[in-house]
Amino acid sequence: MFKSCTWGDEMIVIQTKEELKRAKKEKLKEFEVIGPLAEKMKKAQDIGNLSKSAVSALGKARSTNFFISRKSSSSAAVSKIVTPGVFIAAISIGGVLIAYALFKDYEVEFEVGPDGVKVKMKRK
């Protein structure tokens, strides 16, 4: 059972990155993410547009210095697509590879309202 999750109309509501990792690991069919984590997911959504090789290169980056050095052609190409803000948001939701897998494995719908961002995730 998810510690801070609530059940509402059979929908699991996730609020922490640990719960998000667990939801992915358990291959939940459908869930919602709310709060600051949902806002970070919105910022990290560009990760889902990358190729596997670009995500691998980005996953190897240990800091935002990746965007400054650009010694290799792969880091230069990735840095044109993914800004440091997107990179940091991906790290904050559990890592670049987790973010990429979530955006590839789930249909993602963002709702932005007066209460903030809500992310609806439905397994493809």
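The values are calculated or read from the model by the stated rules, or taken from the named source; none is laboratory data. Bear in mind that the values here come from a model prediction, so they are computed numbers and not experimental data. As a convention, Cβ positions derive from the backbone with ideal geometry for all residues, glycine included, and neighbour counts pool all protein chains shown.
Of all residues in the stretch 102-121, count the ones that are closer than 17 Å to K25 by Cβ and outside any helix (DSSP H, G or I).
2
Output the residue which, of all residues in the stretch 73-96 that are over 16 Å from P36 (Cα atoms) and part of a loop (DSSP other than H, G, I, E, B), is modelled with the lowest pLDDT.
Here the residue is V82.
When you go through (1) of a type in the set (G, A, S); (2) surrounded by fewer than 20 Cβ atoms within 10 Å (Cβ to Cβ); (3) modelled with pLDDT of 80 or more; (4) closer than 21 Å to K21 by Cα one by one for G59, which number turns out not to apply?
So G59 meets the others, but not (3).
Can you pull out the residues in the stretch 99-119 that are closer than 21 Å to S51 by Cα, surrounded by 20 or more Cβ atoms within 10 Å (Cβ to Cβ) and either free of Cβ contacts under 8 Å to residues at least 12 places away in the same chain or of a type in the set (A, V, I, L, M) (or both)?
A99, L102
Go over the candidates A99, A38 one by one and state the one that is small (G, A, S), at pLDDT below 90 and not in a strand (DSSP E or B). If you could, list the steps in order and put the result at the bottom.
Working: A38 fails: at pLDDT below 90.
Just a single option satisfies the conditions, and that option is A99.
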